[in-house]
Each structure stands twice: as C-alpha cells, then as structure tokens.
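A short reminder: the numbers here are calculations on the coordinates, not readings from a lab. Bear in mind the structure is a predicted one, so any value in this text is a computation, not a measurement. Every residue, glycine as well, gets a Cβ built from its backbone with ideal geometry; the counts of neighbours run over all protein chains shown.
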Amino acid sequence: MNILLFGASGTAGGAVLQACMDAPVVNEVRAIVRRPLGWTDAKLWEIVHADFLNYAPVADAFRGVDACLFCLGISVTQVSKEEFVKISHDFPVAAAKMLLAASSAAAFHYISGAGTRAESSTFWSKVKGETENELMELAGAVCWRPAFIDAAPSASIPRIYAAMRPMLRLLKPFRSFYVDGEDLGRAMLQATRENMRRRVIENAEIREIAGRF
Ligand SMILES: NC(=O)c1ccc[n+]([C@@H]2O[C@H](COP(=O)([O-])OP(=O)(O)OC[C@H]3O[C@@H](n4cnc5c(N)ncnc54)[C@H](OP(=O)(O)O)[C@@H]3O)[C@@H](O)[C@H]2O)c1
C-alpha cells in the first residue's frame, strides 16, 4: 500500500506514522508536513508544504495512493473559531478533493474524535460532525472517533494532555475510552485493506478493527 499522511508531526499522526512504518503491507508513506520531521527512512517520502488549502503544487504526492490518513487537527482551545473551521473542515475537504482527482479509488480517513455530532450545540463537535458528513458524501470517507489516544505527546498538543497522560492510561481496560495510538494506525490500514467506506467508527470498534490487523 502507498499511504498519504497528514499530521505526521502530531500525537495521533506520529503514532499512525509509526504503525505504517512497521507494517510490511505499507510500501511507502508520503507525509505532507509544514516543517521537516527530522526523520529519514527508505519508506518515508516527506513533502514540506505551506498552503493546506491548495495541494496543486504537491499533486504528485496524491497520485497512486491507496489511502489518505488525515490526522492533522487542532484543539478548539488553541485557535479562534475561524481558524478551527479552517483546520478541521477546510483543510480535509481540500485534501479529499485532491485525492478524488488524483487517486479516485483511494480511501479517505478523517480523525474527528469521540463526542463528534453534527447536531450538537457544542461548536467543535458540530464542526467536526458536519465535516464528517460532508467528507462521507464527497469521498465516502471513513470517520474515526477515538477517545483518549495513547501516544507520545507532540510539541503542539495542549500541555494538559501530557500532564494527564499517566492518569488517562489507566483507562486502557475500557474499550470505549482508550486506544493505543499505533492501534489507531493499524485499524486505519486494516479498514483500507477491507475496503471500508462511508463509515463512522467509534473508539471500541477502532480497537476491534486493530485486532484484526
Ligand atoms: N490526542 C488525542 O487523544 C485525540 C483524541 C481524539 C481526537 N483527536 C483529534 O485528532 C486530531 C489530531 O490531534 P493530535 O492530538 O494529534 O494533535 P497534535 O499533537 O497537536 O498534532 C496536530 C497535527 O496537526 C498539524 N497542524 C495543526 N495545525 C496546523 C496548521 N494550521 N497547518 C498545518 N498543520 C497543522 C500539526 O502540525 P505541526 O507539528 O506543524 O504543528 C500536527 O501534525 C485532532 O483533530 C484531535 O482533536 C485527538
């Protein structure tokens, strides 16, 4: 498989990248990043890019891929509402459109998060829920709703996440509340192998799918 990855420098995306690097089924990972990852590997093609609303300059990276794993995102506490909509909705929709044009059979995977609901009165939940619906309509997207993702905290994640990680790891036995970050990556690869489309996947099912990998 050839995988296109967004958010590789992040907490979720870093673990998903590791899962892809470790998976023999993956031939190549193309990571679109705004800063170099500082990591070289024969399987990794790093593409440094600035404008996440326009992928025309990096169109080659979208050709011949089996799946796009969109792990880029931000907490609503870190940016303005306008910026949150741009990052959580406009960026993935632009990526999905480019993927459709360049690799029409490829799967698009979008990480939203537990608690996402299009009908919600909570701003972030509604934005992500509406984005899920739009991506499922546009590209048959598979939408992932992890709860706590256990992975090495990135430089950008809110500090509270890193501080609470030891406590949150106690949630491991509870299938609806905890997922290992690399299991999330393995579940995305397995879903690609199983040709899943147009689905919302809650945390417990992420663990089930990873178990089939
Ligand atoms: N962590 C969890 O437990 C968890 C649970 C459920 C859902 N989620 C969701 O998963 C997604 C990723 O979360 P995370 O925890 O991995 O966050 P993170 O550690 O802060 O990583 C965010 C990633 O998105 C990139 N990014 C953010 N803003 C960007 C921008 N304006 N332009 C280009 N790239 C940008 C970052 O790149 P830079 O490194 O260049 O900043 C980084 O790769 C979010 O939507 C989050 O809500 C996370």
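Filter segment 95-116 for residues that are surrounded by 15 or more Cβ atoms within 10 Å (Cβ to Cβ) and within 14 Å of the ligand (Cβ to nearest atom); which is farthest from Gly14 (Cα to Cα)?
Thr116
Would you confirm, using the coordinates I've provided, whether Gly13 is in contact with a Ser or Thr (Cβ under 7 Å, 6 or more places away or on another chain), in contact (Cβ under 8 Å) with a residue 24 or more places away in the chain and closer than 22 Å to Ile149 by Cβ?
No: the conditions fail for Gly13.
Taking into account only those residues within segment 80-94 that are of a type in the set (Asp, Glu) and farther than 28 Å from Asp60 by Cβ, which is surrounded by the most Cβ atoms within 10 Å (Cβ to Cβ)?
Here the answer is Glu83.
Quick one: which helices (runs of 4 or more DSSP H) sit completely within segment 66-185 and have at least 3 residues that are in contact (Cβ under 8 Å) with a residue 40 or more places away in the chain?
81-85, 91-102, 123-139
Of everything in segment 33-79 that's near the ligand (Cβ under 9 Å from one of its atoms) and of a type in the set (Val, Ile, Thr), which residue is surrounded by the fewest Cβ atoms within 10 Å (Cβ to Cβ)?
It comes out as Val79.
Taking segment 80-94 as the region of interest, how many residues are charged (D, E, K, R) and near the ligand (Cβ under 8 Å from one of its atoms)?
2
Is it the case, given these coordinates, that Val127 is within 16 Å of Ala94 (Cβ to Cβ) and either crowded, with 16+ Cβ neighbours inside 10 Å or near the ligand (Cβ under 9 Å from one of its atoms) (or both)?
For Val127, the condition - within 16 Å of Ala94 (Cβ to Cβ) and either crowded, with 16+ Cβ neighbours inside 10 Å or near the ligand (Cβ under 9 Å from one of its atoms) (or both) - is met.
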